[in-house]
There are 2 protein chains.
Amino acid sequence: MIEQPTDPDRPNLVVIGGGFAGLAFCQNCKVPTRPNAPAPEIILIDKQNHHLFQPLLYQVAMAGLAATEIAAPLRAVLGKRQDITCLMDEATSIDPVNKKVVMGDREIAYDYLVLAAGGRTSYFGNDHWEKHAPGLKTLHDALRIRRRVLTAFEKAETILDTAEQERLMTIVVVGGGPTGVELAGAMGELVQKVFHRDFRRIDVRTARVILIESNERLLKVYPEELSASAQRQLEQLGVEVRLGVRVSNVHDTHVELNDGTSIQTRNVLWGAGVAASPLTAAFADSAELDRGGRIKVNPDLSVPGHPEVFAVGDLVNLTTKDGDPVPGVAPAALQMGKHVAKLVEHEFKHGKQPPEAREAFEYWDKGSMATIGRKRAVAWVGKLKISGFFAWVAWLGIHLMFLVTFRNKVSVLVQWCYSYLAFRRGARIIIPKNDDKPDQPGVRD
Amino acid sequence: MIEQPTDPDRPNLVVIGGGFAGLAFCQNCKVPTRPNAPAPEIILIDKQNHHLFQPLLYQVAMAGLAATEIAAPLRAVLGKRQDITCLMDEATSIDPVNKKVVMGDREIAYDYLVLAAGGRTSYFGNDHWEKHAPGLKTLHDALRIRRRVLTAFEKAETILDTAEQERLMTIVVVGGGPTGVELAGAMGELVQKVFHRDFRRIDVRTARVILIESNERLLKVYPEELSASAQRQLEQLGVEVRLGVRVSNVHDTHVELNDGTSIQTRNVLWGAGVAASPLTAAFADSAELDRGGRIKVNPDLSVPGHPEVFAVGDLVNLTTKDGDPVPGVAPAALQMGKHVAKLVEHEFKHGKQPPEAREAFEYWDKGSMATIGRKRAVAWVGKLKISGFFAWVAWLGIHLMFLVTFRNKVSVLVQWCYSYLAFRRGARIIIPKNDDKPDQPGVRD
């Protein structure tokens, strides 16, 4: 157990999760103190030691970018903030009555808690599918997908069994939302543009990428014409789009569909479902959770019944004034983190307020985008809808701007553009794990 | 089993290992064929799908470079050579009588074999130490060392047990040869220059890096004055050098030394011993192997008793005309690969020759170098000995030239220089493996 100071001048602000929402809170919250008083401590707890630029995670999965290019160590990002302590640890539960975060056999007390633990892949009650159908939420997931797909094609090159070769050369992506569309586009491009020059014995043109979506169109929250455009653009990359069917079972060698057919494959990628971190269950007594475990928060983003606890990012269920749900995207998470930082600063300056007296969060919709391969995309902002190359240029521009702020170095931008456009070959290495030995018990990671 | 063509016009040249020696052979061997005849097939077998720039592996271990920056996929490096097929597979044994390489349940026949399988870490009969004391031969090793050391300091930051904190903050490097010296220097710099600004609760100045060498001086094959200089330079980086003691046992929590003392530590890095690939045992009947399993080859680099088999790189035991051993370094491996490529080409043009009629290999010594941290090194070429900053600049120049040829892109050079000098922060991320699930049986890697 970690003892924390209980000095009322030095309250503990505990933040769980160093994603977009948690990091935006930390970067924007500079709690004022009385003259000469020590600054209060902000404690950021994260399972990982890095912040991840999640919108580009699918690029790591398709070996277009290296893992290090979309991640930054939290300690380095927050290095100048002497009032912030990073703890690389996993919050296992929360005790809202005694205001404590539990991390295994340790506890940490909080005066304010910012819950920014994000989401995880959901298999709709079929968690055993996970070992055959990895999701895409972490760097580890992305590297696992990359290793599997690259290894499958390497394996196909070495064997003579044609049925097994077909299985190894078939990639099934489940889910036609933004994650599934981006993954399928990336895999289509990987096979068509990269693999074709790499192999000698297998004919890569016979490889298949199949995208499965249970709705009658892709990207169902997008306008219909963009759904149709996304489908056309995927088909140009050789992706077979199958609509109106659902995966009913996932096996080692094939997937079963609810229309009675099945697809022989060794590569199933899961882009279908997201649920909130299980930590939200701690607030089920006083707050309502939706089916995905997201907390229905107060308008100020505080958790009902716990004015000192705020929920931000992907684990929040909130609707805008127009009645639309706030989407689980990076800009929403950033805006929420900043909003809570402002509220907390305000309370330190002017004293505590009840949730209903606090300023309500307003989501500023910057539009939605999904990219398809390296030169195609669909995008819409309000009434403006664009698709194809220009949508992709817009997507690239916005993400590069983001990355530059994020990594803060122009030379990195140059290198990154080059890598991105040239299909950086270095990222195509497979780092094996078969010779792995157990690590020391003391520092198991 | 893979069937290979037995057409005498299309002999199989099988190469085991895509390191410096194997790759140099492939790149330099362009076997001439009769007009209009199809080119013979060169088959390159490697456990990994990438070539590794091993001299910089310790930089990956200390989080100074990303794994992808020192590796290149073999398929990409050899992409233009339609006559070369890469198989990502492990050669498990060799049958020199029937001229076959065995890979698990498959076999491949050869007319010429180039054995370039390199070396592996040796624990002098104490293989059980490996789980506590990782060596540094592969990308996986380097990432394991990085993950362990970074995780140990993260863990120290979260706990209150001061004895355990000390263990976590003590790094013991075993072996004072070039690998151990480079590792110890890199770790000293990592702790002194990087960690000091990263942590809040632990005092990184109390962290220790200890280098243990059983001889009375470091770098025993170097001139004595350079050994003394290396020691001084390491001590400037805060490394404690302990000479004349040997590790007698390695435990989870400490190492025992043969002087009766022990050191409490959770981080033991093994830089002490290298042995040849166990594949060399296949030739123990006709050729002499040394204690490390290296083959005592003929002057032309063929294996005694098997004129169609050549051994190159780190698994070779050979002395120069002056009686000095050819060292296990990258330039020697490159030179051997090229030499054998020339011999094989010659035999295809002019017919087979007995080993004694072939040109003998001559090693051109380009000097030796070991770098200590980022601004220090020791180097010698013939009678010239330099140390300190100028030796480091020479080291940097030579390695950068190498890397440029290797990666073949100037923009990579620019990025790399920048990363190298700025302590690229991206590489400091920890990619965990604790949520790892078994992969599909069909594509286990």
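Taking strands (runs of 3 or more DSSP E) that do not extend beyond region A:256-340, which have at least 2 residues that are over 30 Å from A:Gln165 (Cα atoms) and open to solvent by less than 10 Å² (accessible area, probe 1.4 Å)?
Details: elements: A:262-264, A:267-270, A:274-276, A:306-311.
Strands (runs of 3 or more DSSP E) meeting the threshold: A:306-311.
Listed here are the residues, each with its yes/no results for (1) at pLDDT 95 or above; (2) more than 14 Å from every other protein chain (Cβ to nearest Cβ); (3) open to solvent by 20 Å² or more (accessible area, probe 1.4 Å).
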| site | (1), (2), (3) |
| --- | --- |
| B:Val149 | no, no, no |
| B:Leu160 | no, no, yes |
| B:Met187 | no, yes, no |
| B:Asp198 | no, no, no |
| B:Arg201 | no, no, yes |
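Name the single residue, out of those in region B:203-223 being assigned to a loop (DSSP other than H, G, I, E, B) and open to solvent by less than 60 Å² (accessible area, probe 1.4 Å), that is farthest from the other protein chains (Cβ to nearest Cβ).
Taking region B:203-223 first, the residues assigned to a loop (DSSP other than H, G, I, E, B) are B:203, B:207, B:214-223.
With open to solvent by less than 60 Å² (accessible area, probe 1.4 Å) added as a condition, the list becomes B:207, B:214-215, B:218-219, B:222-223.
On the way: B:Ala207: 14, B:Ser214: 24, B:Asn215: 28, B:Leu218: 27, B:Leu219: 29, B:Tyr222: 32, B:Pro223: 37 Å.
Only one residue fits best here, namely B:Pro223.
Residues in region B:245-255 that are outside any loop (DSSP other than H, G, I, E, B) and of a type in the set (Val, Ile, Thr): how many? Explain how you work it out, then say what you get.
The first filter runs over region B:245-255 and keeps only residues outside any loop (DSSP other than H, G, I, E, B), leaving B:247-250, B:254-255.
Still in the running and of a type in the set (Val, Ile, Thr): B:247, B:250, B:255.
The qualifying residues number 3.
Here is a check on your reading of the model: is B:Leu226 crowded, with 18+ Cβ neighbours inside 10 Å and touching a residue at least 40 places away in the same chain (Cβ under 8 Å)?
It is true that B:Leu226 is crowded, with 18+ Cβ neighbours inside 10 Å and touching a residue at least 40 places away in the same chain (Cβ under 8 Å).
Residues are listed down the side, and each one gets a yes or a no for (1) closer than 21 Å to A:Asp198 by Cβ; (2) surrounded by 20 or more Cβ atoms within 10 Å (Cβ to Cβ); (3) more than 14 Å from every other protein chain (Cβ to nearest Cβ); (4) basic (Lys, Arg):
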residue: B:Lys30; (1), (2), (3), (4): yes, no, yes, yes
residue: B:His51; (1), (2), (3), (4): yes, yes, no, no
residue: B:Pro55; (1), (2), (3), (4): no, yes, yes, no
residue: B:Cys86; (1), (2), (3), (4): yes, yes, no, no
residue: B:Ile94; (1), (2), (3), (4): no, yes, yes, no
residue: B:Val101; (1), (2), (3), (4): no, yes, no, no
residue: B:His132; (1), (2), (3), (4): no, yes, no, no
residue: B:Leu136; (1), (2), (3), (4): no, yes, no, no
residue: B:Leu139; (1), (2), (3), (4): yes, yes, no, no
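On the basis of being touching a His at 6+ places or on another chain (Cβ under 7 Å) and more than 15 Å from B:Ala272 (Cα to Cα), does B:Val209 make the cut?
no
Quickly run through region B:166-179 and pick out the residues that are open to solvent by less than 30 Å² (accessible area, probe 1.4 Å) and either touching a Cys at 6+ places or on another chain (Cβ under 9 Å) or not hydrophobic (A, V, I, L, M, F, W, C) (or both).
Scanning region B:166-179 gives B:Thr170, B:Gly175, B:Gly176, B:Gly177.
Cβ contacts < 7 Å: first residue hydroxyl-bearing (Ser, Thr, Tyr), restricted to region B:47-69; second residue at pLDDT 85 or above, any location; separation 6+ or different chain. Result?
Within 7 Å, the pairs are B:Tyr58/B:Leu136; B:Tyr58/B:Glu182; B:Tyr58/B:Leu183; B:Tyr58/B:Ala186.
Just for region B:229-244: of the residues that are among the aliphatic types (A, V, I, L, M) and either assigned to a strand (DSSP E or B) or within 14 Å of chain A (Cβ to nearest Cβ) (or both), which one is surrounded by the most Cβ atoms within 10 Å (Cβ to Cβ)?
Taking region B:229-244 as the starting set, the residues that turn out to be among the aliphatic types (A, V, I, L, M) are B:230, B:234, B:237, B:239, B:241, B:243.
Keeping just the survivors that are either assigned to a strand (DSSP E or B) or within 14 Å of chain A (Cβ to nearest Cβ) (or both) gives B:239, B:241, B:243.
Values: B:Val239: 25, B:Val241: 20, B:Leu243: 15.
Among those residues, the one meeting the criterion is B:Val239.
Results for (1) in contact with a strand residue (DSSP E or B) (Cβ under 6 Å, 6 or more places away or on another chain); (2) small (Gly, Ala, Ser), shown as yes or no for each residue.
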position	(1), (2)
A:Tyr112	yes, no
A:Ser122	yes, yes
A:Arg144	no, no
A:Val149	yes, no
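The values are calculated or read from the model by the stated rules, or taken from the named source; none is laboratory data. In this text the structure is predicted, and so the values were computed from the model without any measurement. Here the Cβ is made from the backbone with ideal geometry for all residues, glycine too, and neighbour counts use every protein chain on show. Protein only, heavy atoms only, side chains kept; ligands, DNA and RNA dropped before computing areas. Shrake-Rupley method; radii C 1.70, N 1.55, O 1.52, S 1.80 Å.
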